[in-house]
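What follows is a set of notes on a single structure, which appears directly below.
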Amino acid sequence: MLDKLDRHGRSLLVVDQPASIGALPVAVARACGHQVAYLPGLVMRRLADLHPGTAKTDARDAYVIADAARTLPHTLRRVDTGDEALAELEILVGYDDDLAGEVTRISNRIRGLLTQIHPPLERVLGPKIQHPAVLELLSRCGGPAGIRKAGRTKLLELVKKRAPRMGARLVEQILVALDTQTVVVPGTAAAETILPRLADNLRDLLHQRDQLAEQVEGMLDAHPLAEVLTSMPGIGVRTAARILLEVGDGSTFPTPGHLAAYAGLAPVTRRSGTSIRGEHPPKGGNKQLKRAFFLSAFAALADPASRTYYDRKRAEGKKHNAALICLARRRVDVLHAMLRTNTPYQPKPADEPRLAADKTHRDTPRGVRGPSASSHRWSMPMSGHRPKPCDGP
């Protein structure tokens, strides 16, 4: 089909799934020298409502995609340039996301069982459920009955190697929690047999994520934009990989506002007479990219200038999440400039005077808890201190 289209000139192939079933057509089109673009599924479904009929067939979907490519080219997204390293990185990052979801599920399952049979013990172990010492303790002893039976000496022996600093304090907290509850809840015996298996599964999943992180880091270091992304405070290996896969070199987005809108960080204006006014947080956007920006903003709170900006937003009355979204929106401007110029993050000296006032950004809400109310230049004054990256679960 593509060979026949060559007679009419260069063609544009548009797909709604660039991966999985769409990977082979994309590869064939590139081999034939054709351009390839991607129409997001949510956009396609909204455009389908503009066409008559309610049928869901391949032919109708193909017509909607072609019509969108012809009349609404701004809805298309670029498909990455077929780099083998990026394709492999996408598979590894996708598998890591699956592992992260499984880690969260099993962690919640363990905490749920502990809450059911012994709430005081869960209050001690729950916040540290992924710590190697806690997992070793649950794996070897099981639930509250097995931990009580092990005794102080055995517990210290189990946790001391994996938690030399907090081991003794953790054991004391566990023993106090065990004495707090004297009633045995029905189902405790079954939970005693399930908890070690869950702890072993969780430990294995965490080990797999550590191994996968090493592979991702090795592949990311080979990419020319890796140094640019990781030079920004708060962006670690996993966050940088996700941003690279979703944004690429940033050339698809003409302005930082376009990138913020794509990530779901730019506010949406909603006005209808006098009943609905102002800007509101968007409900759409790329969820994975928004999460990456949010987590990087949270990790960047260790940076003095980022922390100052966050505290200023909190002083304005915004809650924690809203202030983090403001910080994430501001960091989008910096990141977009870094990618556009292919230049690592360059903070200004700490003693350089700060900008007197931030310019109001046209995409920013006013009087609501949403994205940042100010824009800034890439060379915004920030400390050179770079905190340890935190990529979240």
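The values are calculated or read from the model by the stated rules, or taken from the named source; none is laboratory data. Bear in mind that the values here come from a model prediction, so they are computed numbers and not experimental data. Here Cβ is always computed from backbone atoms with ideal geometry, including for glycine, and neighbour counts include all displayed protein chains.
Considered as a group, the residues in the range 177-207 that are in a helix (DSSP H, G or I) and of a type in the set (Val, Ile, Thr) include one that is surrounded by the fewest Cβ atoms within 10 Å (Cβ to Cβ), and that residue is Thr193.
Within the range 244-277, work out how many residues are touching a residue at least 40 places away in the same chain (Cβ under 8 Å) and part of a helix (DSSP H, G or I).
Adding up the residues that qualify gives 9.
From the list Leu170, Leu155, the one residue that fits, being within 32 Å of the chain's Cα centre (by Cα) and crowded, with 16+ Cβ neighbours inside 10 Å, is Leu170. The residue pairs whose first member lies in the range 223-243 and is farther than 14 Å from His336 by Cα and among the hydroxyl-bearing types (Ser, Thr, Tyr), whose second member is modelled with pLDDT under 90 and not in a helix (DSSP H, G or I), and whose beta carbons are closer than 6 Å, counting only pairs six or more residues apart or on different chains, are Thr239/Asp391. Return the total of residues in the range 41-57 being crowded, with 16+ Cβ neighbours inside 10 Å and modelled with pLDDT under 85. Adding up the residues that qualify gives 2. Scanning the range 10-60 for residues that are in a loop (DSSP other than H, G, I, E, B) and farther than 25 Å from Ser251 by Cα turns up Asp49, Leu50, His51, Pro52, Gly53, Thr54, Ala55, Lys56, Thr57.
Being modelled with pLDDT under 90 and under 14 Å from Pro256 (Cα atoms) is not true of Asp333. Candidates Lys161, Lys154, Lys149: the one that is at pLDDT below 90 and farther than 19 Å from Gly126 by Cα is Lys161. Here's a check for you: in the range 236-274, which residue that is within 17 Å of Leu76 (Cβ to Cβ) and among the β-branched types (Val, Ile, Thr) is surrounded by the fewest Cβ atoms within 10 Å (Cβ to Cβ)? Selected residue: Thr252.
Residues to consider are Thr180, Thr239; find the one that is assigned by TED's automatic domain parsing to the domain that holds Leu335 and at pLDDT below 95.
Thr239 is the lone residue from the list that is assigned by TED's automatic domain parsing to the domain that holds Leu335 and at pLDDT below 95.
Here's the yes/no breakdown for (1) among the hydrophobic types (A, V, I, L, M, F, W, C); (2) within 19 Å of the chain's Cα centre (by Cα); (3) surrounded by 14 or more Cβ atoms within 10 Å (Cβ to Cβ):
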{"site": "Asp303", "(1), (2), (3)": "no, no, yes"}
{"site": "Asn321", "(1), (2), (3)": "no, yes, no"}
{"site": "Val334", "(1), (2), (3)": "yes, yes, yes"}
{"site": "Pro344", "(1), (2), (3)": "no, no, no"}
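Is one or more of the residues making up the range 129-144 surrounded by fewer than 16 Cβ atoms within 10 Å (Cβ to Cβ) and under 18 Å from Val103 (Cβ atoms)? Yes. Just one of the numbered conditions (1) part of a helix (DSSP H, G or I); (2) modelled with pLDDT under 90 is not true of Ala356: (1). Total residues in the range 13-67 satisfying the condition of being of a type in the set (Phe, Trp, Tyr) and more than 21 Å from Leu89 (Cβ to Cβ): the figure is 1.
Residues checked against (1) in contact with a Phe, Trp or Tyr (Cβ under 9 Å, 6 or more places away or on another chain); (2) in the same structural domain as Leu205 (by TED's automatic domain parsing); (3) farther than 25 Å from Leu212 by Cβ; (4) among the small types (Gly, Ala, Ser):
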position	(1), (2), (3), (4)
Ala100	no, yes, no, yes
Arg111	no, yes, no, no
Arg123	no, yes, yes, no
Ala133	no, yes, no, yes
Gly151	no, yes, yes, yes
Met166	no, yes, yes, no
Ile174	no, yes, yes, no
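Of Val64, Val36, Val79, all but one fail to be touching a Phe, Trp or Tyr at 6+ places or on another chain (Cβ under 9 Å) and in contact (Cβ under 8 Å) with a residue 12 or more places away in the chain; the exception is Val79.
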